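Below is one structure, written out as structure tokens; comments come after it.
The values are calculated or read from the model by the stated rules, or taken from the named source; none is laboratory data. What you are looking at is a predicted structure, and each value in this text was computed from that prediction instead of being measured. As a convention, Cβ positions derive from the backbone with ideal geometry for all residues, glycine included, and neighbour counts pool all protein chains shown.
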Amino acid sequence: MKMTKKLVLVSWIGGNDLQAYPDHPKHNQNLGPLLSTLKERKFVRAHLIYNYPKKEVAPYLKWLQVQIDSKITADHVKLSSPVDFADIYQAANKTLKSVWQSESDNKTSILLSPGTPAMQAVWILLGKTRYPVSFIQSSMEKGVQDVELPFDIAAEFLPELTARTANQLTDLMVSSAPSTAEFDSIISQNPTMKQLKERAAILAIRDVPVLIQGETGTGKELFARAIHNTSPRACQNFIAVNCGAIPKELIDSTLFGHVKGAFTGAIKDHKGVFEQANGGTLFLDEFGELPADAQVRLLRVLQEGTLIRVGDTTERKVNVRIIAATNKNLTQAVAEAEFREDLYYRVAIGVLKLPPLRKREGDLLLLAETLLDGINREVENQPGYKHKKLSPSAKKIILNHCWPGNVRELHATLLRTTLWSPGDEITDRDMQESILDAPKEELGMLNREVGKGFNIQEVMDGLERHYVLKAWQQSGQRKKVAAELLGYNNYQTFDKRLKKLGIDT
């Protein structure tokens, strides 16, 4: 027997509501939209927010509770102005997120009538893009009515909306949405990264698969967690699995589970990561490492929403959002028949391409300072530890290193530096000694065996690429300076080398 969902109401407390209180100085003889709605429909709970002084609202709430059977919770919020979109958004979003998590089994309605037009606009924005709610309104003329909004802020409208930067409500949607603890943890002042955060925030509210591309250490899992934590699935599981680390013989069991006795060592039933993530998000890291036969079975689960555990015959339904990540060029892998085209296009709906640290202009020192602050906080209580800061010479070393391991390498290097640095200031020597030497590419080139498969031009190109990239980074990505560092006669020659080597500028 299907249970009927109970009704829950969310609303601001407006001026007309307060004036309905009999002892209010401006008592207007009307019930007000809030009480009218609560009397008309049977809500089990009403979650209210207000910006009026507490001493003014307290007697109204006490009186209101006597008039109805619904349980009332009311929160006071501070707004710099009742028409300040940013403050209203923060308050309304916090309330709806809490209600969505605590009332997931019930049906939530928003009463649009109380409050300012700005408050109503934010309710509509949140209710049409982030939370599954319905809308109602109350007036003296027409009573309590359901509101059917004649539009849908859907994915196809978002690019047009985000282009209207002069529109304050649009700015709120694409700029304030990432202003959460989840997206704030992605530290950057680079324009490309800011745009990626905005796009990730849009993807968070749309329940579509996401593919995150980028080199090792660029923050792919950080983006994946931020998307999950700001999505409607936030209160459900986020399960991460490294596809490249699963032994081939255990891939099916890891992904789809197994039953007792399915193979040697299967001593009990086991849920795979799909079932563990049911209702939530499954993060498939190193997605491009999945072998071809596993790609076929994964595609079937994504298409049909069902799986069969290893050794079982029963189909099980799963509802999982996929966020995949890879440092491979999957488009090229598809072209070379190394990765299934149908699986690639099934997952590559919302695509985010994270740039390497060397291309995040303005971020290197910002990240270094932020990461060092975090390290200082984590170990400040250890005996004898001195709070560290970067000297100007250490910063120069950081700027001149190309950081092939990206943010992960930067963090590990800074952590290593705090272990070895004896004083409170990290010097250039401390920094240099903490950077792990990469294999000397030129020595490897000189020691190669000449014979079948040897290509002298590849060796020459590899050597040139090494020093062109080094000069490009050391010059702060200024072509004229980089050309001078390499001894080229002019920057046009350097520009030709960049294009020849396929280095993006």
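Regarding the stretch 295-307, can at least one residue be identified that is of a type in the set (A, V, I, L, M, F, W, C), in the same structural domain as Ile212 (by TED's automatic domain parsing) and either at pLDDT below 90 or not in a helix (DSSP H, G or I) (or both)? Yes, the stretch 295-307 has at least one match. The set of residues in the stretch 362-418 that are without any contact (Cβ under 8 Å) to a residue 40 or more places away in the chain, of a type in the set (Asp, Glu) and closer than 23 Å to Thr192 by Cβ contains only Glu369. Inclusion of Ile110 among residues that are surrounded by 20 or more Cβ atoms within 10 Å (Cβ to Cβ) and modelled with pLDDT of 90 or more is warranted. Counting only residues that are within 30 Å of Ile205 (Cα to Cα) and either of a type outside the set (Val, Ile, Thr) or touching a Phe, Trp or Tyr at 6+ places or on another chain (Cβ under 7 Å) (or both), the stretch 253-285 holds 17 of them.
Residue by residue, here is whether (1) at pLDDT 95 or above; (2) closer than 22 Å to Arg346 by Cα holds:
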residue	(1), (2)
Glu221	no, yes
Arg233	no, yes
Gln236	no, no
Ala245	no, no
Asp252	no, yes
Lys260	no, no
Leu282	yes, yes
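Among residues that are under 12 Å from the mean Cα position of the chain (by Cα) and either surrounded by fewer than 21 Cβ atoms within 10 Å (Cβ to Cβ) or hydrophobic (A, V, I, L, M, F, W, C) (or both), Asn190 is not included. Take Leu222 and decide whether it is surrounded by 20 or more Cβ atoms within 10 Å (Cβ to Cβ) and outside the structural domain of Gly374 (by TED's automatic domain parsing). Answer is no for this residue. Scanning the stretch 130-153 for residues that are of a type in the set (S, T, N, Q) and surrounded by 19 or more Cβ atoms within 10 Å (Cβ to Cβ) returns a single hit, Ser138. Consider the stretch 71-89 and keep the residues that are of a type outside the set (A, V, I, L, M, F, W, C) and in a helix (DSSP H, G or I). The one that is nearest to the chain's Cα centre (by Cα) is Tyr89.
In this structure, is Ala74 surrounded by 19 or more Cβ atoms within 10 Å (Cβ to Cβ) and at pLDDT 85 or above? Taking the combined requirement at face value, the residue does not satisfy it. Screening the candidates Ala333, Ala325 for the property of being in the same structural domain as Asn229 (by TED's automatic domain parsing), crowded, with 18+ Cβ neighbours inside 10 Å and under 29 Å from Lys197 (Cβ atoms) yields one hit, Ala325. Checked against the criterion of being among the polar types (S, T, N, Q) and at negative phi, the candidates Gln19, Gln29 yield just one match: Gln19. Consider the stretch 1-51 and keep the residues that are touching a strand residue (DSSP E or B) at 6+ places or on another chain (Cβ under 8 Å) and part of a loop (DSSP other than H, G, I, E, B). The one that is modelled with the highest pLDDT is Ile13. Give the stretch 378-405 a look and list any residue that's surrounded by 13 or more Cβ atoms within 10 Å (Cβ to Cβ) and at positive phi, or say none. Matches in the stretch 378-405: Trp403 only.
Selection over the stretch 334-361 of residues that are in a helix (DSSP H, G or I), farther than 23 Å from Leu203 by Cβ and either without any contact (Cβ under 8 Å) to a residue 60 or more places away in the chain or under 18 Å from the mean Cα position of the chain (by Cα) (or both) gives a count of 1. Has the stretch 455-466 got at least one residue that is outside the structural domain of His387 (by TED's automatic domain parsing) and either polar (S, T, N, Q) or modelled with pLDDT of 85 or more (or both)? Yes.
Take the conditions in contact with a Pro (Cβ under 7 Å, 6 or more places away or on another chain) and not basic (Lys, Arg) and apply them to Thr95. Does it pass? No.
Taking the stretch 119-142 as the range and being hydroxyl-bearing (Ser, Thr, Tyr) and in a helix (DSSP H, G or I) as the test, only Thr129 passes. Going by what's in this entry, would Pro82 be described as outside the structural domain of Gln236 (by TED's automatic domain parsing) and either among the small types (Gly, Ala, Ser) or crowded, with 18+ Cβ neighbours inside 10 Å (or both)? So Pro82 does not fit the description; no. Within the stretch 362-374, restricting attention to residues that are crowded, with 19+ Cβ neighbours inside 10 Å and hydrophobic (A, V, I, L, M, F, W, C), the residue that is farthest from the chain's Cα centre (by Cα) is Leu372.
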